[in-house]
Amino acid sequence: TPVFAGDAKEHQVLNIAHRGASAYAPEHTIPSYKMGDRMKGDYIEIDLQMTKDGHLIAMHDETLDRTTDGTGQVKDYTLAQIKKLDAGSWFNQKYPQYAKKKYEGLEVPTLDEVFKHFGNDKKYYIETKAPEVYPGMEEELLRILKKHGLTTKMKLKNGHVLIQSFSQASLLKMHHLNPDVPLVQLLWYETPGKITDEELETIKQYAIGVGPNFQKIDREYVQQVLKHGLEIHPYTVNQKADMKTLIDWGVTGMFTNHPDRLRKVLIEK
Ligand code: G3P
Ligand code: CA
């Protein structure tokens, strides 16, 4: 079984805090990432979008509408404009059971701010979203990683950074710019997922693993990936029963909005 994390002594299922502990706090805000870290997630997962003036920000959607009180495309707004938005109140309205006063008025963080806040001892699992909309986002990502000392040989060896994308073009670009940064190819299946030896060998030329939606895979799929010496990190797994099934099939990590739940499952195992 391949184990990516350079410091993992034995097979370890990585607990990836998806958009932070996003079941409990507004996704892609500092409190959400903090909670993911406190719940012992191995990685903080960050989706990236880019502002009109070229800043990388942590946001899932290409539009501001769902997770802020703004509207329209991220690419049409400067960072200064986006900084004025409230990225927390929507969560309080949508999830009153987890609402907190302190979430009101939270800012959209830049990637730079996230690294400043959490430092380079933490581990980051970063997705280039919509790279075709944001020319230059890969270069900017590498610049910010370097600025925070996250692309040194030691940091990369110890698995401090993983870059993921649905876009093969974006991953190939990253690989070209810096072949030492480990990459994960995200995959989406609408029908039961099958992956061929050929596809896996192609992916292996630039990536260390794949990330499929978990609903459409089975034991055979997982074993097929493992046979090629690749990691497999399905997304987004929130129920204990699904976590247990995937662990049984041999996955090497998973994305979850409930890192506390996955931790429990892993401890009880
Ligand atoms: O990055 C893994 C998973 O997060 C992909 O889906 O839409 O949640 O970014 P999404
Ligand atoms: Ca993601």
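The values are calculated or read from the model by the stated rules, or taken from the named source; none is laboratory data. Because the structure is predicted, anything quoted here is derived from the model rather than measured. Don't worry about glycine lacking a Cβ; one is built from the backbone with ideal geometry, like all the others, and counts go over all protein chains shown. Calculation scope for accessible area: heavy atoms of the full protein, side chains included, ligands and nucleic acids excluded. Shrake-Rupley method; radii C 1.70, N 1.55, O 1.52, S 1.80 Å.
Around His228, what is the net charge, scoring Lys/Arg as +1 and Asp/Glu as -1 over all other residues with Cβ under 9 Å from its Cβ? Neighbour charge sum, excluding His228 itself: 0. Of the whole protein surface, Thr63 contributes about 40 Å² of accessible area at a 1.4 Å probe radius. Taking label points 7 Å from Cα along the Cα-to-Cβ direction, Lys146 and Glu199 give a separation of 3.5 nm. Here the calculated FRET efficiency for Lys75 and Leu177, from their Cβ-Cβ distance with R0 = 25 Å, stands at 0.70, rounded to the nearest 0.05.
Considering all C-alpha pairs of the stretch 128-168, those separated by over 14 Å amount to 52%. If you sort Trp249, Trp188 by accessible surface, 1.4 Å probe, largest first, the order is Trp188, Trp249.
When the charge dipole of the chain is built from unit charges on Cβ atoms (+1 for Lys and Arg, -1 for Asp and Glu) and taken about the Cα centre, the candidate among Pro109, Val133, His228 whose Cα reaches farthest toward its positive end is Pro109. Here the dipole of the stretch 1-150 is about 560 debye; that uses its Cα centre as origin and unit charges on the Cβ of Lys and Arg (positive) and Asp and Glu (negative). For the stretch 90-216, a crude dipole built from +1 on the beta carbon of Lys and Arg and -1 on the beta carbon of Asp and Glu, taken about the Cα centre, is about 660 debye to the nearest 20. For the stretch 37-177, what log10 I(q)/I(0) values come out of the Debye formula at q = 0.22 1/Å, with one point per alpha carbon and no solvent? Values returned for q = 0.22 Å⁻¹ are -1.43. Of the trypsin sites (Lys or Arg not before Pro) found in the stretch 102-205, the ones in coil according to DSSP and having at most 16 other Cβ atoms within 10 Å of their Cβ are Lys194.
Short-range pairs are left out: with C-alpha atoms under 8 Å and at least six residues apart, the relative contact order of the chain is 21 percent. Placing a label point 7 Å from the Cα of Phe166 along the Cα-to-Cβ line, the residues of the stretch 221-251 whose backbone N sits under 20 Å from it are 232-238.
Kirkwood analysis of the stretch 130-239, using all unique Cα-Cα pairs, places the hydrodynamic radius at 14.8 Å.
Along the axis of the charge dipole computed for the stretch 13-114 (Cβ charges of +1 for Lys and Arg, -1 for Asp and Glu, origin at the Cα centre), the listed residues Tyr95, His28, Leu48 are led at the positive end by Tyr95.
With the biggest extent put first, the Cα atoms of the chain measure 49, 42, 37 Å across the principal axes.
Three semi-axes describe the equivalent ellipsoid of the stretch 77-147; taken as square roots of 5 times the Cα gyration tensor eigenvalues and ordered largest first, they are 26, 16, 12 Å.
DSSP beta bridges confined to the chain are antiparallel in about 15 percent of cases. Net charge in the neighbourhood of Thr78 (other residues with Cβ under 11 Å of its Cβ; Lys, Arg +1, Asp, Glu -1) is +2.
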